[in-house]
Amino acid sequence: MPSLIELQNLTKKYASFTALDSINLSIAPGVTGLLGPNGAGKSTLIKVLLGLVSTTSGSGTILGLPLGESTQELRSQIGYMPEDDCYINGLTGIESMQLAARLCGMDRTEALRRGHEILDFCGTRQERYRPVDTYSTGMRQKLRFALALVHDPKLLILDEPTTGLDPEERDAMLNRIRILSRDFSISVLLCTHILPDVQAVCEHVLILGAGTVRVSGSMQDLCRVQTPRFHLRVSGAASEFSERLQSRGMVVLETTADSISVLGQPEEHSTWIWQTAAELGQIVRSVTPAANSLEKLFLEAVQETEHGHS
Amino acid sequence: MAIHNLGYRHCEGRRQSHRTRWLVLTENGIRRAWASAWLRRMLFFAWLPSVLMGFMIFLYEQSESTDDPFTRAFIQMGTALLEPGGQGNMQASGMLGYLQQKNEHPGETRHLFWSSLLLTLFRRSQPFILIPMLGVITPPMISQDIRSRAFLLYFSRPLSRTQYVVGKLATVIFYVLLITLMPALMLFCTGLLLSPDLSVLSSTGDLPLRILLASLLIAIPAASLSLMLSSLTTESRFAGFAWFAIWIFGAFTAGILSNSTWGDSTSPLKYLSLFEVFSEVAGSILDPQLASSRVEEPVSILAVLTAVSLAVLFRRISAPMQV
């Protein structure tokens with residue numbers, strides 16, 4: 001499968017400050033989470049991808065187009081939702097949509113039709129006829145998402161798309177991202193600090209730190225633990241269950257009041273687990289393979305960055 | 001889900017060329033500016049002087065067509081009295097000179113008369129509409145985009161910074177031409193319609209080109225300067241204040257320095273006033289006979305003013321992307 005974004009030795013310096021330091025990365029189509037602490041270079045990377053700032057050195061391709069050369073063509077295939085509260089003053093929601101669509105080359109009628117269609121998709125109702133400067137934070141957030149989508153991009157760059165949304169709207173927003181990726185093959189680069197959002201929708205993760213790539217890979221691979229283990233929850237006393245498992249040669253790593261952490265894959269030990277439960281008259285509530293949390297990965301990357309600086 | 005909600009669909013429609021994107025911004029800018037009632041009032045008043053001058057052309061043509069010498073002399077005197085002439089040029093364009101020339105060279109007076117009227121329009125009436133009009137239209141045009149961070153929305157689309165600037169400039173130039181080029185061309189057309197036959201085109205055919213050139217030489221620097229001021233601040237009222245201050249304080253300073261201190265009205269210090277610069281340029285183009293100095297100086301000043309304004313403008317709109 002061809003890469004969506006391919007960067008080689010990409011460096012961006014602002015005077016003496018290096019925002020991106022010889023970045024090499026390859027992002028596959030799908031939904032990719034872009035993570036990193038403040039000042040890691042996420043915003044600079046997005047601006048470089050959009051051609052808003054020039055690179056100091058390095059090269060790359062986005063959607064098969066060379067970086068820094070076909071900027072206009074590239075922007076017509078990328079939808080960008082900025083984190084900043086930006087809007088075109090004096091226009092209503094639907095007028096903003098129409099203007100954005102026309103700036104991407106649509107004629108007036110088609111732009112208006114498309115604007116209404118996307119606002120419907122984004123759950124914007126009659127407020128589309130109000131000036132944008134009277135919108136609430138959530139409404140503006142939805143409008144920015146709609147503006148990024150109005151020209152039917154192949155790549156959607158979303159910067160903090162769920163910030164300022166209530167839980168219901170947040171779920172709806174994540175659902176829209178899933179629909180766009182799954183049903184319409186629109187790749188998404190999701191830049192956020194809300195790790196559960198990344199876990200909920202992303203297939204790939206990219207963690208930046210101090211202008212370099214700290215972690216990159218598929219969510220499945222990254223969350224897989226090095227040493228396989230699983231967690232067992234039982235209805236009765238876990239200590240007794242744990243002792244019985246150890247007597248049968250299983251390695252128990254940790255035992256709490258109602259759960260046991262065991263080394264190995266659950267499939268290897270399923271017979272002994274059910275047999276022990278039957279003997280002790282206890283109920284096995286759940287058997288869950290252990291996984292690395294994204295939060296742990298993120299914190300490790302951040303700590304690595306801090307140690308690197310010190 | 002609402003019945004009209006079709007969900008997301010791919011958009012297959014044909015896209016227009018990248019090169020005309022600035023027109024979208026211009027059209028949007030014109031529509032937004034037109035929403036101002038003050039602008040519409042000013043445009044109404046901007047056309048009144050040309051109506052008066054149309055009446056003067058009517059009087060002139062009447063004097064040409066009548067055979068009665070008394071009526072003819074009376075209309076000529078009335079026309080000459082109504083014709084204000086350029087400042088400092090009364091000897092050339094004033095009543096006596098005008099009547100004298102009319103008697104000596106009957107065929108040349110029409111050009112002189114029309115160009116004098118156009119010059120009056122460009123020098124004496126339209127600047128007083130142009131200044132407040134641009135003071136209303138331009139201050140929010142870029143300052144509000146900076147304040148609302150609209151650059152991120154514009155420049156993440158296939159729109160270059162040059163197209164953005166051209167789009168904004170074209171909006172301002174459109175309104176400036178609406179009060180300079182259009183009334184002047186209407187006046188010219190009125191003259192043609194009232195004249196005895198189309199042979200007058202041979203003596204006045206250069207005027208439309210002169211009108212166009214003078215209008216553009218006023219519109220482009222004025223638009224560049226006003227947009228540059230708008231780009232320097234996020235508060236449109238400051239940009240508006242600076243715009244008026246440049247015109248008013250410039251005129252006062254130039255008046256004091258060039259007349260009171262040196263007592264010389266041809267001093268280059270008079271170009272501290274943008275009124276004088278625009279007035280000289282319009283005068284030199286519309287009728288070189290009436291020009292009191294060489295055209296190179298004021299045109300150079302306007303060229304430098306435009307270049308500096310555009311350089312600052314580009315720098316200011318690029319700045320938000322660099323952080």
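Which of the residues belonging to region A:161-186 are surrounded by 15 or more Cβ atoms within 10 Å (Cβ to Cβ) and away from chain B (no Cβ under 14 Å)? Before you say what the answer is, go through the steps one by one.
First pass over region A:161-186, keeping only residues surrounded by 15 or more Cβ atoms within 10 Å (Cβ to Cβ): A:161-165, A:169-170, A:172-174, A:176-177, A:180-181, A:186.
Across region A:161-186, the qualifying residues are A:Pro161, A:Thr162, A:Thr163, A:Gly164, A:Leu165, A:Glu169, A:Arg170, A:Leu174.
Scanning region A:115-128 turns up no residue that is buried (at least 24 other Cβ atoms within 10 Å of the Cβ), in contact with a His (Cβ under 6 Å, 6 or more places away or on another chain) and assigned by TED's automatic domain parsing to the domain that holds A:Glu83. Within region B:1-17, residues that are under 15 Å from A:Ala101 (Cβ atoms) reach partners that are among the small types (Gly, Ala, Ser) and at pLDDT 85 or above with beta carbons closer than 6 Å, at six or more positions or on different chains, in the pairs B:Arg15/A:Gly105; B:Gln16/A:Gly105. Checked against the criterion of being touching a Cys at 6+ places or on another chain (Cβ under 7 Å), closer than 27 Å to A:Ser181 by Cα and within 14 Å of chain B (Cβ to nearest Cβ), region A:81-103 has no qualifying residue. A single entry from B:Thr266, B:Thr190, B:Thr234, B:Thr253 fulfils the requirement of being outside any helix (DSSP H, G or I), β-branched (Val, Ile, Thr) and modelled with pLDDT under 90: B:Thr266.
For A:Thr109, all conditions in the list (1) polar (S, T, N, Q); (2) crowded, with 22+ Cβ neighbours inside 10 Å; (3) in a helix (DSSP H, G or I) hold save one; what is the number of the exception? Going through (1) polar (S, T, N, Q); (2) crowded, with 22+ Cβ neighbours inside 10 Å; (3) in a helix (DSSP H, G or I) one by one, A:Thr109 breaks only (2). When you check A:Leu156 against the structure, is it surrounded by 23 or more Cβ atoms within 10 Å (Cβ to Cβ) and either at negative phi or in contact (Cβ under 8 Å) with a residue 40 or more places away in the chain (or both), yes or no? The answer is no for A:Leu156. Starting from residues that are within 7 Å of another protein chain (Cβ to nearest Cβ) and in a helix (DSSP H, G or I), keep the ones in region B:139-153 and report whichever is farthest from A:Cys104 (Cα to Cα). So the residue we want is B:Gln144. Applying a threshold of 6 Å to beta carbon distances and a minimum spacing of six or more residues, or different chains, the list of pairs starting in region B:25-52 at a residue that is in contact (Cβ under 8 Å) with a residue 24 or more places away in the chain and under 30 Å from A:Leu112 (Cα atoms) and ending at one that is of a type in the set (Gly, Ala, Ser) and in a helix (DSSP H, G or I) reads B:Leu25/B:Gly167; B:Thr26/B:Gly167; B:Thr26/B:Ala170; B:Leu39/B:Ala33. I'd like to check something: does region A:84-94 contain any residue that is more than 25 Å from B:Val166 (Cα to Cα) and surrounded by fewer than 22 Cβ atoms within 10 Å (Cβ to Cβ)? Within region A:84-94, one or more residues are more than 25 Å from B:Val166 (Cα to Cα) and surrounded by fewer than 22 Cβ atoms within 10 Å (Cβ to Cβ).
Each residue in region A:213-224 was checked for being surrounded by fewer than 20 Cβ atoms within 10 Å (Cβ to Cβ) and not in a helix (DSSP H, G or I), and 5 of them qualify.
Quick one: which strands (runs of 3 or more DSSP E) lie wholly within region A:231-310 and hold at least 3 residues that are loosely packed, with under 15 Cβ neighbours inside 10 Å?
Working: elements: A:252-255, A:259-263, A:284-289.
Qualifying strands (runs of 3 or more DSSP E): A:284-289.
Checking each residue of region A:186-197 against the condition of being under 11 Å from A:Gly30 (Cβ atoms) and more than 9 Å from the chain's Cα centre (by Cα) gives at least one match.
Scanning region A:105-130 for residues that are touching a residue at least 24 places away in the same chain (Cβ under 8 Å), closer than 13 Å to A:Ala146 by Cβ and at the interface with another protein chain (Cβ under 7 Å from one of its Cβ atoms) gives A:Arg114, A:Phe121. Screening A:Thr56 against (1) of a type outside the set (Phe, Trp, Tyr); (2) within 14 Å of chain B (Cβ to nearest Cβ); (3) closer than 20 Å to A:Ser216 by Cα leaves a single unmet condition, (3).
Can you pull out every residue in region A:152-202 that is of a type in the set (A, V, I, L, M), part of a helix (DSSP H, G or I) and closer than 23 Å to A:Gln220 by Cα?
Taking region A:152-202 as the starting set, the residues that turn out to be of a type in the set (A, V, I, L, M) are A:155-158, A:165, A:172-174, A:177, A:179-180, A:186, A:188-190, A:194-195, A:198, A:200-201.
Retained after the next criterion (residues that are part of a helix (DSSP H, G or I)): A:172-174, A:177, A:179-180, A:195, A:198, A:200-201.
Matches in region A:152-202: A:Met173, A:Leu174, A:Ile177, A:Ile179, A:Leu180, A:Leu195, A:Val198, A:Ala200, A:Val201.
The values are calculated or read from the model by the stated rules, or taken from the named source; none is laboratory data. A quick note: this is a predicted structure, and the numbers were derived from the prediction, not measured. In this analysis, Cβ positions are derived from the backbone assuming ideal geometry, glycine residues included, and neighbour counts consider all displayed protein chains.
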